[in-house]
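Reviewing the structure listed below.
The values are calculated or read from the model by the stated rules, or taken from the named source; none is laboratory data. Everything quoted here is computed from the prediction, not taken from an experiment. Please note: Cβ atoms are built from the backbone with ideal geometry, for glycine as well, and neighbour counts cover all protein chains shown. With ligands, DNA and RNA removed, areas are computed over all heavy atoms of the protein, side chains included. Shrake-Rupley method; radii C 1.70, N 1.55, O 1.52, S 1.80 Å.
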Amino acid sequence: MAEPKQRAVDALIVAVPETAGPALYGMLDVLSATGTLWNELTGAEAGSPLIRPRIVSLARAPLHCGNGIPVHPDLAIADAPRPDIVIVPELWLAPSDDMTARYPELKEWLRQCHRTGSHIYSACSGSVLLAASGLLDRREATSHLGYEDLFRRSFPQLRFNPEPNLVFADPEGRIVTAGGTSSWHDLAIHIVARHCSPGEAMRIAKVYLMKLHSEGQLPYAALVRRQPHADSVVRRAEEWLSAYFRDTNAVSGVVTACGIPERSLKRRFKTATGATLIGHVQNLRIEEAKRLLETGALASDDIAPLCGYENAAFFRRLFKRATGLTPGQYRRMFQPVTRMSEEAAEQPVR
């Protein structure tokens, strides 16, 4: 007697005008292929779909999402059955847009889905919508690093973790948020592994050449960001340090250049930028080290003094704390990208 076929997991992917089209349709395509595509490509016995993904929106009417990409929703939230899975993909949002005043019906629908047992997933800035719905209150979450300030300012009741690429908000894993722009790859692999099988997740990863970003988000983070503020002394300090951060005595040097007591400068710097003075110096040095690792062949022990560190072991520890990788791991990860870009630039235009 043949075994009964596994019921396809019902997955609804949320689409609103702010939705990023590549994440929406990428997730739709990958989940639609579970259970069948590997079999077709390898000549194995025909399989059956394991996930049934559909697009849900505020209404069934067609809409255009980010960059004018057309979307034809399969369902409206008002008539959608309770799904096994709800996915909120990446949204095109300004780093100051917390979505607290938008889509109250959608937020209530998300809360209702969670109350009735659905698993809720978000990719990248999709977690901003989950935070605005209240589903992440007193929970841990992640998103793209560019939204860290937004989360800390608008949603202080949740614990924002910028380092990992997947964060489980609850012990059961019923709410999972994913980090950067391509984190929907990690999220798709996780969903397939969780709701189908690890084996099927591996097959999907192979078909689509997807990989888990186990290194997290730190290697991709820009450690130095210019914060808007009106403190002219702090601005002078930032400009001086951008030129002289390599100096061994950069902190005492910038204090002298600004002409105010060290304690006052440190206090004003922290108030204006959110970073400590020594932390800013260290970030400038690590960014310089990253540049040297990406573009050259110097050993880390030779890079350390060029960035202001006489103690190479201390430099390596600091680098790993800031990026999550050793200098050697960072070079292996990013230098091929630099080399590929240079080779492409050298190709003649035809």
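One table, with the values for the structure above:
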| item | result |
| --- | --- |
| Residues of segment 239-274 satisfying the condition of being open to solvent by 30 Å² or more (accessible area, probe 1.4 Å), in a helix (DSSP H, G or I) and polar (S, T, N, Q) | 242, 252, 256, 264, 271 |
| Lone qualifier among 50, 58 - being more than 23 Å from residue 195 (Cα to Cα) and among the hydrophobic types (A, V, I, L, M, F, W, C) | 58 |
| Scan of segment 26-63 for residues that are free of Cβ contacts under 8 Å to residues at least 40 places away in the same chain and under 29 Å from residue 125 (Cα atoms), ordered by number | 28, 29, 32, 59, 60, 61, 62 |
| The one condition in (1) open to solvent by less than 20 Å² (accessible area, probe 1.4 Å); (2) in contact with a strand residue (DSSP E or B) (Cβ under 9 Å, 6 or more places away or on another chain) that residue 97 fails to fulfil | (1) |
| Search result, residues across segment 70-82 that are modelled with pLDDT under 95 and part of a loop (DSSP other than H, G, I, E, B) | 80, 81, 82 |
| 1 or more residues under 23 Å from residue 237 (Cα atoms) and among the acidic types (Asp, Glu): qualifying helices (runs of 4 or more DSSP H) within segment 275-328 | 277-295 |
| Subset tally (residues that are within 30 Å of residue 249 (Cβ to Cβ), modelled with pLDDT under 90 and surrounded by fewer than 18 Cβ atoms within 10 Å (Cβ to Cβ)) for segment 311-350 | 4 |
| Residue 290 being open to solvent by 40 Å² or more (accessible area, probe 1.4 Å) and either within 30 Å of residue 152 (Cβ to Cβ) or at pLDDT 90 or above (or both) | no |
| Elements of type helices (runs of 4 or more DSSP H) contained in segment 91-167, each with 3 or more residues being over 24 Å from residue 79 (Cβ atoms) and in contact (Cβ under 8 Å) with a residue 24 or more places away in the chain | 126-133, 148-154 |
| Test: residue in segment 103-117 that is within 20 Å of residue 51 (Cβ to Cβ), among the hydrophobic types (A, V, I, L, M, F, W, C) and open to solvent by 10 Å² or more (accessible area, probe 1.4 Å) | no |
| Unique residue being modelled with pLDDT under 90, open to solvent by 10 Å² or more (accessible area, probe 1.4 Å) and either basic (Lys, Arg) or under 20 Å from residue 118 (Cβ atoms) (or both) when the list is 166, 158 | 166 |
| Considering residues of segment 67-90 that are touching a residue at least 40 places away in the same chain (Cβ under 8 Å) and open to solvent by 40 Å² or more (accessible area, probe 1.4 Å) only, the residue nearest to residue 7 (Cα to Cα) | 81 |
| Counted residues, segment 53-101 - those being among the acidic types (Asp, Glu) and touching a Pro at 6+ places or on another chain (Cβ under 7 Å) | 0 |
| Qualifying residue in segment 220-238 (condition: surrounded by 15 or more Cβ atoms within 10 Å (Cβ to Cβ), touching a Cys at 6+ places or on another chain (Cβ under 9 Å) and touching a residue at least 60 places away in the same chain (Cβ under 8 Å)) | no |
| Tally, over segment 25-50, of residues that are assigned to a helix (DSSP H, G or I) and either within 16 Å of residue 73 (Cβ to Cβ) or open to solvent by less than 10 Å² (accessible area, probe 1.4 Å) (or both) | 6 |
| Residue in segment 14-24 that is surrounded by fewer than 21 Cβ atoms within 10 Å (Cβ to Cβ), within 24 Å of the chain's Cα centre (by Cα) and either in a strand (DSSP E or B) or charged (D, E, K, R) (or both) present | yes |
| Residue tally, condition under 21 Å from residue 8 (Cα atoms) and open to solvent by less than 10 Å² (accessible area, probe 1.4 Å), over segment 170-185 | 3 |
